[in-house]
Amino acid sequence: MHLLTLAEMSRGLEKGQFSSLELTQHFLERIARLDTQLNSFITVTPERALAQAQAADALRSQGQATPLTGIPLAQKDIFCTQGVRTSCGSRMLDNFIAPYDAHVVQRCDAAGMVMLGKTNMDEFAMGSSNETSYYGAVHNPWDGSRVPGGSSGGSAAAVAARLAPAATGTDTGGSIRQPAALCGLTGLKPTYGRVSRWGMIAFASSLDQAGPMTRSAEDAALLMNILAGHDRRDSTSIDRDVPDYTATLQNSLTGLRIGLPREFMNNQLDAGIAGLIEQALAELRSQGAVIIDIDLPHVAHSVPAYYVIAPAEASSNLSRFDGVRFGHRCDAPVDLEDLYKRSRGEGFGTEVKRRIMIGTYALSAGYYDAYYLKAQQIRRLIQQDFIQAFSQCDVILGPTSPSLAFPLADRQDDPVAMYLSDIYTIAVNLAGLPGMSLPCGFLQGLPVGMQLIGPYWSEERLLNVAHRYQLACPWHQQMPASFA
Ligand code: GLN
């Protein structure tokens, strides 16, 4: 049963080949048996899952099921869940039980989906390897000595190992796309404002966006149908019609103009990865697409700009975790200052502290103009580069990650090397555009991802291109042998 895609599961449930309860029990059993090797879940919620599965079976028998009713999924532990711990990968929130469900969780529940549990992640979504989690590193199912990517590393590992049929992730600078690439999944970061951030613990509010992490573009489209939509509780959520993302998957690619950024395809890119991207381009060309060289002259500055803007927003967002309003409280504080200092000192890990310090510095009087304002100006130039590029092409194609899944601990002591894991993904968040990663081959037995970037609100087009590619080149159907 775990080999089925969401679309196949949906048909199986519809035909009565199995019930949601059987499906859910099957995945819970796999998690119990196999997750000791991966550490992909922080919290497993069997009671909630079994109750939701029974409710879904009842809905189906009453003829009230929608396509995803009764299908299990895992939620990244950044989404608030009523009655279930929401840790955000941090000691700070180790004992936090949210009083409400995030919008994303509400949407999945309303569709009759079954939550299996909450997945591991980098602390407050800060990282590219899932090693900053208070709950320990996650192992890549393709090679247990390597990282799954981050920050949505638990979601990626769980889906790649078939411990969950699909999962949610969030992407501030690459955290859906990079782990999707490193684990052989299809991951979509929607246009900023497409999916509500309500109840999603904020890292950098102007960059954060939630999206699906699935095995195929078709599955991502099914999940997008329920995740996307306006929510008045998020002031940056856009009131705009939600299409049926599955309706356009089959569209022809004839005449599609694919932009290839010279800045991505240079000699800094691993030759093996570049070769696989060339092969993917050849396939898309054979389906009628035309390839156009484009320039994104300012993307080289995206990582430095991001590491001013994201920490600045994080330092503000994380100020609420003070041991009074939210979060871990130290034992026996002598006075208020001691309470703040020790609670935050004990609750946050090293990377989070580093970001809070950088952000606070960048925002302080006298430095604001030199750092924060300058970074915002660069951000605007990057956005204009993309707008200019999309006057020449319909989608942009390039790598997702500059390297394969790297060994655990490899970049842990080198923040800059870690930050450079996102050189191809960060510009997309700075510009607020949709981007996705999908598998385009294997090197040394490890999956490689390619990235598609589109204009605002072009999720349908990205999913369409990815689906047509996956019909011809089913790399996404490969799975890690030890989890078969
Ligand atoms: N790796 C990047 C960071 O550490 C992006 C993380 C994310 O997208 N949440 O900030």
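Laboratory data are not the source of any read-out in this text; all were calculated from the coordinates shown. Every value quoted in this text rests on a predicted model; they were computed, and no experiment measured them. Cβ atoms come from the backbone with ideal geometry, glycine included; neighbour counts cover every protein chain shown.
A few remarks follow.
- Stokes-Einstein translational diffusion, the stretch 220-350 - Kirkwood Rh over all Cα pairs, 1.306 mPa s, 10 °C, in µm²/s: 77
- Cβ charges +1 (Lys, Arg) and -1 (Asp, Glu), total dipole of the chain, debye: 320
- Order of Ser302, Ser437 - criterion: other Cβ atoms within 10 Å of each residue's Cβ, fewest first: Ser302, Ser437
- Residue-span extension gain [Ser252 to Asp410] - 0.36 nm each, minus C-alpha spacing: 52.6 nm
- Protection proxy ranking for 170-178, 358-366, using the average of other Cβ atoms within 10 Å per residue and placing the highest first: 170-178, 358-366.
- Each of Gln376 and Ser145 was given a label point 7 Å from its Cα along the Cα-to-Cβ line. The distance between the two points is 4.8 nm.
- Three-way shape label, the stretch 152-265, alpha-carbon gyration tensor, a/c 1.5: rounded
- Interchain or long-range residues, amide H under 5 Å from Val114's placed H: Gly70, Ile71, Leu73
- Cβ crowding within 10 Å averaged over residues, with 369-376, 216-223 ranked highest first: 216-223, 369-376
- Summarising the amide proton neighbourhood of Phe406: residues at separation of 5 or more, or on other chains, whose placed amide H is nearer than 5 Å comprise Val147.
- Note that the stretch 412-427 has calculated 3J(HN,Hα) couplings of 4, 9, 10, x, 5, 4, 5, 4, 6, 4, 10, 4, 9, 10, 4, 4 Hz, one per residue in order, obtained from phi through the Karplus relation 6.51 cos²θ - 1.76 cosθ + 1.60 (θ = phi - 60°); glycine and proline are x.
- Over the chain, relative contact order from alpha-carbon pairs under 8 Å, at least 6 apart, %: 18
- Relative contact order of the stretch 18-174, defined on C-alpha pairs under 8 angstrom at six or more residues apart (%): 27
- Cα principal axis extents for the chain, largest first, Å: 66, 54, 44
- Evaluated on the stretch 45-146, the Kirkwood hydrodynamic radius is 14.7 Å, with distances taken between all distinct Cα atoms.
- The value of relative contact order for the stretch 341-452, using C-alpha pairs under 8 Å at least six residues apart, is 24 percent.
- Neighbour counts of other Cβ atoms within 10 Å put Asp410, Asp241 in the fewest-to-most order Asp241, Asp410.
- FRET efficiency estimate (nearest 0.05) - Cβ-Cβ, Asp241 to Val290, R0 35 angstrom: 0.75
- Count of Lys pairs (Cα-Cα under 30 Å; at least 8 positions apart or interchain) in the chain: 12
- Sum of side-chain charges, Ser133 neighbourhood, beta-carbon under 13 Å (Lys, Arg +1; Asp, Glu -1): -3
- Highest average packing first - 415-425, 381-391, Cβ atoms within 10 Å: 415-425, 381-391
- Cut-off under 5 Å, modelled amide H: who pairs with Thr43 long-range: Lys118
- Antiparallel DSSP beta bridges within the chain, percent to nearest 5: 65
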